[in-house]
Amino acid sequence: MTDAFAIELTDIDKRFGAVHANNKVCLQVKRGNIHGIVGENGAGKSTLMSILYGFYQADAGQIDVLGQAYTFTDSHQAIAAGIGMVHQHFMLVENFTVLENVILGSEGGALLAHGLAAARKELTRLGDEYGLKVDLDATIDTLSVGLQQRVEILKALYKGAEILILDEPTGVLTPQETEELFRIFGALKKQGVTIMLITHKLREIMSITDQVSVMRAGQMVAHRDTQATSREELAELMVGRKVLLQVDKNPANVREPLMKVKRLTVADSQGVDRLKDVSFELRAGEVLGVAGVSGNGQTELLEALSGIVPMTSGTIEVLGFKMDAKHPLTPRRLRELGLAHVPEDRHRMGLITDFSASESALLGYHTDPKINSGIWLSNSKVEANCQALMQAFDVRPADPHLKSGNFSGGNQQKLILAREMERSPEVLLIGQPTRGVDIGAIEFIHQRIIDMRDAGKAVLLVSVELDEIMSVSDRIIVLCDGEISGRINAADADERTLGMMMANALDPIDPLQTMDDQHASFQQASSQETQA
Amino acid sequence: MKRDTRITWINRLLLPLLNILTAFAVTAIVFWLIDVNPIEAAEVLLYGAFGYEEGIGYTIYYTTNFIFTGLAVAVAFHAGLFNIGGEGQAYVGGLGAGLAILFLDPTLGAWVFIPASIIGALIFGGLWALIPAYLQAYRGSHIVITTIMFNFLAASLMVYLMVHVLRDTGQMTPQSELFPTNAWMPFVHDVAAGLGYNIEASPLNLSVFLALVCAVLVWFFLWQTRWGFAIRATGKNGTAAVYAGINPKYIIIVVMCISGALAGLVSINELVGYQHRLIIDFHVGYGFGGIAVALMGRNHPLGIIVAALLFGTLYQGGAELAFEMSNISRDIVVVMQGLVILFCGALDYMYRPWLIRRLAPVTKQEEFVGAAI
Amino acid sequence: MSDLFLTVLLTLDATIRVSSPLILAAMAGLFAERSGVVDIGLEGKMLASAFAAASVAALVGTPWAGLGAAIIVSCSLAMLHGFATITHRGDQIVSGVAINILVGGLTIILGLAWFHQGGLTPALNNDSRFLSITLPFAEQLAFIPVLGPIYKELISGHTILVYVAFAVVPMVWWVVFRTRFGLRLRAVGENPTAVDTAGLSVIKLRYKALLIGGVLCGVAGAYLSTAHNAQFTRDMTAGQGYIALAALIFGKWRPLTVMLACLLFGFLDAMAVRLQGVAIPGIGEIPVQFIEATPYLLTVILLAGFIGRAIPPKAAGQAYVKER
């Protein structure tokens, strides 16, 4: 009974420059448990796990694994101690095979031939034992996201992990694949593997974990037994105050369509169709939500509608103009017509981190004749423009000279939204507006989107967060594998229905089993275990 | 002083200074390796550059070239492109200047010849950069390798032309005919004499003012116009630039042509201002020197002028050094160029962590700035 | 034995000699780029090695000492490049260009100071050079039609470094594709974070790759000044380091195809030299400047991508930073 904890962290402290990422964090994880760690973006969860995995070194504090104290100076040591990590962004070499990826770092000898053969045997065994079947000779770039994740798990198990850490594992999975993953968790738990699950998805925490720890602003603020808590309590602990999970809004006053998309097909650079034959209308005065797991064509949709990426076939009518594959409209032209675009990835596209805030605030509008006097782009006008935007959207600190990269995620997002919204576009495309943004700013942003819709604009909202889609949208379409797999009014939508639509084009597993049902069957399986 | 301001001072002043000093220190080691007293060498060098009127004239004359090529490299850097083709572009720019002059009626006035030669240099220099630019933009060919190849091709082309086509038939060496006197850019010492000041003759000519004008124009273009904004955005983040409606292929081509054109202006200083004919190898060293100047000047016209002056000094001082000491040649300046590029370019952030720790450390109050909302 | 056959044979013979330094330099570049480090400094390393080899061979009296010196110098420069780009995460291209320019000046300065011959090193006598090796029975077998002359002219009669250059290619292939080190090397060039999380040192792997490249460039440079020629002359590499890079891209970073690309360059260069002074019907004599320009022109044409876009190792050109 006095088993050592699988993991015990005592007073872990870590700073990155001015940011105190982990502030005297303590954690105890029981062996054989599934332990969840929740927190907002920037709360310090990933940093903590990276320290546990040897990727970073803590400034202070102690790490005990299975009763033994360790100091990890690199991941090699953590792996040797029995810790395996499945990262949010997979650590796989795209053009290597599954086998090569698994043995990387544990090749078993200077020559590959022997190591590859041994690994093949062991991986086949592991695959059978845990139901983790993958084609060992396939290259990673041919595998689906769910299978790639399986490779990551196999990798960890191959290296002897007894404690498995997963960082936001379900963000890129369909409900089906998530189900599969949880089944695998069950099998692992049966074999005594301890699982640490880092996520911000409270429903998953409630349905699958035994215990949960909450982090906020670099500190560990609470531990709970999962059965003794609720989503609402966890959300409040994460944020520190009562959180409004719904948005108050008036009924929509929908008018004429401002954008008509007909049979839009977009192929990527390899010629693979990412968006297939998509048709829908976007009307003034409504928010059309586009739901779906990331990677199902949302990015291509946004980029095609804003002119960044060429269409393969189909037509788009927007604000009285028509564009198709042979007659594209450039991003500049679309902006002139009254279309604005808030990109999904603000660091990659939305602003330029090295530019000052006032220069980022000008991005896309640098040819505006109101700011240019002839050939001269007046600095004072550029700054004034930025000041106005910062005031309107409460961007802090309100300093136009500060480098864009130095603002927090939420403030960066608000600046971009201000830039795109304050010009009163007729059509607004928004991608993942609240990714990496803290709860206070989320409420603000949602309200602004509703304001635009009430002012008679047309808004296309693309998001992977079902809560956001359901609370902000008036109508919802669901993208799955590049096709529209469902259309529904927001009022009629719930997570079960949307989940069904998100998995529509895939395999015929009974989609009626929801998260709650999974939890029930889980509990049953675990209690059977302890009785045996 | 706020931490942010301190960091700016470190980045803009202290770091470049330390980097230069390191380059100097290593040069001193090189001198020591070849049995030359570095202090003595420095004295000879400074005397050669500033010790007598003619020397000063030469120094500023060389500086002019470095301003042109420094600006050329800097403009390209701002778009994220590395233009190593300055050597070739300067050389071919000379062809443009020379052709403009040699094919115009010699009775025309200077006010026709000079602008015509400038335009010729700009066009031809720009054209020589156009092909590598096009290949990079539309075929993905690495611009560094293609511009280096074009340097070699320029040499072959120009020698061929001067040997077979443009040769001054009265001479043995491959060079063109002498330009008509109306096509000579006035020497500064001549202009000064006209104004009543007596200064020693040197190659220094009015091109230096052209260089300064170019510096101002480049500054204005990059930071005070929407095209400069587009160029700098492309250099910092190509994806964001596309999002903003900027066409990156277009930018590559335009920027490289401007860059090549600026490099081409070296020929105005060298050929229209001094040699007064097309000669072989007038361009050697300025293209690569421009890289050092741009890096040292952190791609800003003001910094470039200062850096160009430094290299002009080294060039003239180096000539004096080679004259005074038998076992040094002007190649010592090339060594310095390489060291400056190394310490101001590749190793430019080497001292930064140390400087920041000592001069602008993180204090307790500055934790968690902007994290809340 | 017809004249045409002999001409072809001699051209191929010249091809092999011209391609050897390119092959060595390209293999050096292959290791660097496969590990994610762009090495524009091949030119500078070759030049510095050529200088070191010729100088030391002249001083000590044997080319092997020169070869050793060349390798040491080349590896030192490789470590400098690593220091700037790996440890200090500096721009890889700028670092390479800096090294090339630095070496261009330094070789002359040192040569002038040490040998007083205007930048040249002393001409090497036969003892201090690598000489052609006649393979066994070359003379005796020369009578066999076709194969005999091929053996005698083409295969036999090269300096040892030529054989080394060609032997290196299969060795490189084996190391890169059949060993643990090679697997890790390729991984580091595609996804260095994956390597880091597997508990391996990205930094050490890249330094090792650069070191191997240093050795190969050393041999290439030594070949130029102590085998192909008999002294060091100003800028004697004449862009071969860059041409090797072009061959690397053209050969898609695979040892065998890169070697073929180098042979192609060598062949066209040898052909162009053959055409010097020859009058072509309808065009007349090709000017010598055009002959000289051929390798550079060819490089541009090949890079213009008639063979399709070449996809480099994914992480090439970016310094590795642990992401927060």
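The values are calculated or read from the model by the stated rules, or taken from the named source; none is laboratory data. What you are looking at is a predicted structure, and each value in this text was computed from that prediction instead of being measured. Quick reminder, even Gly has a Cβ in these numbers, built from the backbone with ideal geometry, and neighbours come from all protein chains shown.
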Q. Looking at region B:139-165, which of its residues are more than 27 Å from the chain's Cα centre (by Cα) and over 30 Å from B:Ile252 (Cα atoms)?
A. B:Val163, B:His164, B:Val165
(Q) Can you tell me which of (1) away from chain B (no Cβ under 11 Å); (2) more than 26 Å from A:Asp467 (Cβ to Cβ); (3) in contact with a Leu (Cβ under 6 Å, 6 or more places away or on another chain) is the one A:Leu429 doesn't meet? (A) (2)
Q) Just for helices (runs of 4 or more DSSP H) wholly inside region B:258-373: which have at least 3 residues that are within 14 Å of chain C (Cβ to nearest Cβ) and of a type in the set (A, V, I, L, M)? A) B:286-296, B:301-324, B:331-341
Q) Quick check, is A:Asp345 facing chain B (nearest Cβ under 9 Å), more than 24 Å from the chain's Cα centre (by Cα) and under 24 Å from B:Thr234 (Cβ atoms)? A) no
Q: Keeping to region A:48-61, report how many residues are facing chain C (nearest Cβ under 8 Å), without any contact (Cβ under 8 Å) to a residue 60 or more places away in the chain and within 22 Å of the chain's Cα centre (by Cα).
A: 1
Q) In this structure, does A:Ser485 turn out to be surrounded by 14 or more Cβ atoms within 10 Å (Cβ to Cβ), modelled with pLDDT under 50 and either in a loop (DSSP other than H, G, I, E, B) or not acidic (Asp, Glu) (or both)? A) no
Q: Those residues that are assigned to a loop (DSSP other than H, G, I, E, B) and surrounded by fewer than 21 Cβ atoms within 10 Å (Cβ to Cβ), I need them from region A:439-463; list them, please.
A: A:Ala455, A:Gly456
Q: Could you please find all residues in region C:239-270 being under 24 Å from C:Gly104 (Cα atoms) and either within 14 Å of chain B (Cβ to nearest Cβ) or surrounded by fewer than 24 Cβ atoms within 10 Å (Cβ to Cβ) (or both)?
A: C:Gly239, C:Gln240, C:Gly241, C:Tyr242, C:Ile243, C:Ala244, C:Leu245, C:Ala246, C:Ala247, C:Leu248, C:Phe265, C:Asp269
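Any idea which of C:Val188, C:Val172 is within 14 Å of chain A (Cβ to nearest Cβ), buried (at least 21 other Cβ atoms within 10 Å of the Cβ) and either touching a Cys at 6+ places or on another chain (Cβ under 9 Å) or of a type in the set (A, V, I, L, M, F, W, C) (or both)?
Values: C:Val172 fails: within 14 Å of chain A (Cβ to nearest Cβ).
Checking each option against the conditions leaves just C:Val188.
Here's the yes/no breakdown for (1) more than 8 Å from chain B (Cβ to nearest Cβ); (2) among the aliphatic types (A, V, I, L, M); (3) surrounded by fewer than 18 Cβ atoms within 10 Å (Cβ to Cβ); (4) touching a Pro at 6+ places or on another chain (Cβ under 8 Å):
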site: C:Arg89; (1), (2), (3), (4): no, no, yes, no
site: C:Leu106; (1), (2), (3), (4): no, yes, no, no
site: C:Thr121; (1), (2), (3), (4): yes, no, no, no
site: C:Leu124; (1), (2), (3), (4): yes, yes, no, yes
site: C:Thr134; (1), (2), (3), (4): yes, no, yes, no
site: C:Glu139; (1), (2), (3), (4): yes, no, yes, no
site: C:Phe143; (1), (2), (3), (4): yes, no, yes, no
site: C:Gly148; (1), (2), (3), (4): yes, no, yes, no
site: C:Leu161; (1), (2), (3), (4): yes, yes, no, no
Q) Any residue in region A:350-369 that is within 25 Å of A:Val427 (Cβ to Cβ), touching a Phe, Trp or Tyr at 6+ places or on another chain (Cβ under 9 Å), part of a helix (DSSP H, G or I) and among the aliphatic types (A, V, I, L, M)? A) no
Q: Please work out which residue is farthest from B:Cys257 (Cα to Cα), limiting yourself to region B:121-143 and to residues that are away from chain C (no Cβ under 14 Å) and in contact with a Ser or Thr (Cβ under 9 Å, 6 or more places away or on another chain).
A: B:Ala121
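With respect to C:Leu154, is the statement that it is touching a helix residue (DSSP H, G or I) at 6+ places or on another chain (Cβ under 8 Å), buried (at least 21 other Cβ atoms within 10 Å of the Cβ) and away from chain A (no Cβ under 14 Å) true?
On the way: touching a helix residue (DSSP H, G or I) at 6+ places or on another chain (Cβ under 8 Å): yes; buried (at least 21 other Cβ atoms within 10 Å of the Cβ): no; away from chain A (no Cβ under 14 Å): yes.
For C:Leu154, the condition - touching a helix residue (DSSP H, G or I) at 6+ places or on another chain (Cβ under 8 Å), buried (at least 21 other Cβ atoms within 10 Å of the Cβ) and away from chain A (no Cβ under 14 Å) - is not met.
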Q) Looking at region A:96-113, is at least one residue within 27 Å of the chain's Cα centre (by Cα), surrounded by fewer than 21 Cβ atoms within 10 Å (Cβ to Cβ), β-branched (Val, Ile, Thr) and more than 10 Å from every other protein chain (Cβ to nearest Cβ)? A) yes
Q: Just one of (1) in contact with a Phe, Trp or Tyr (Cβ under 9 Å, 6 or more places away or on another chain); (2) within 14 Å of chain B (Cβ to nearest Cβ) trips up A:Ala398, so point out which.
A: (1)
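Could you say whether any residue in region B:202-216 is free of Cβ contacts under 8 Å to residues at least 40 places away in the same chain, within 19 Å of the chain's Cα centre (by Cα), closer than 20 Å to B:Tyr91 by Cα and surrounded by fewer than 18 Cβ atoms within 10 Å (Cβ to Cβ)?
Residues of region B:202-216 that are free of Cβ contacts under 8 Å to residues at least 40 places away in the same chain, as a first pass: B:209, B:213.
After this cut, where a residue has to be within 19 Å of the chain's Cα centre (by Cα) as well, the list is B:209, B:213.
Within this subset, residues satisfying the condition of being closer than 20 Å to B:Tyr91 by Cα are none.
Scanning region B:202-216 turns up no residue that is free of Cβ contacts under 8 Å to residues at least 40 places away in the same chain, within 19 Å of the chain's Cα centre (by Cα), closer than 20 Å to B:Tyr91 by Cα and surrounded by fewer than 18 Cβ atoms within 10 Å (Cβ to Cβ).
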Q | Listing of helices (runs of 4 or more DSSP H) fully contained in region A:133-218 that carry 2 or more residues being farther than 27 Å from A:Glu495 by Cβ and either free of Cβ contacts under 8 Å to residues at least 60 places away in the same chain or not aliphatic (A, V, I, L, M) (or both) | A | A:145-158
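Considering each of C:Phe31, C:Phe115, C:Phe5 in turn, give the residue that is surrounded by fewer than 23 Cβ atoms within 10 Å (Cβ to Cβ) and either under 14 Å from the mean Cα position of the chain (by Cα) or over 27 Å from B:Ser329 (Cβ atoms) (or both). Before you say what the answer is, go through the steps one by one.
Details: C:Phe31 fails: surrounded by fewer than 23 Cβ atoms within 10 Å (Cβ to Cβ); C:Phe115 fails: either under 14 Å from the mean Cα position of the chain (by Cα) or over 27 Å from B:Ser329 (Cβ atoms) (or both).
The match here is C:Phe5.
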Q.
Six or more apart or on different chains, Cβ atoms under 7 Å: show the pairs whose first residue is in region B:164-177 and in contact (Cβ under 8 Å) with a residue 24 or more places away in the chain and whose second is among the hydroxyl-bearing types (Ser, Thr, Tyr).
A. B:Leu166/B:Ser176; B:Asp168/B:Ser176
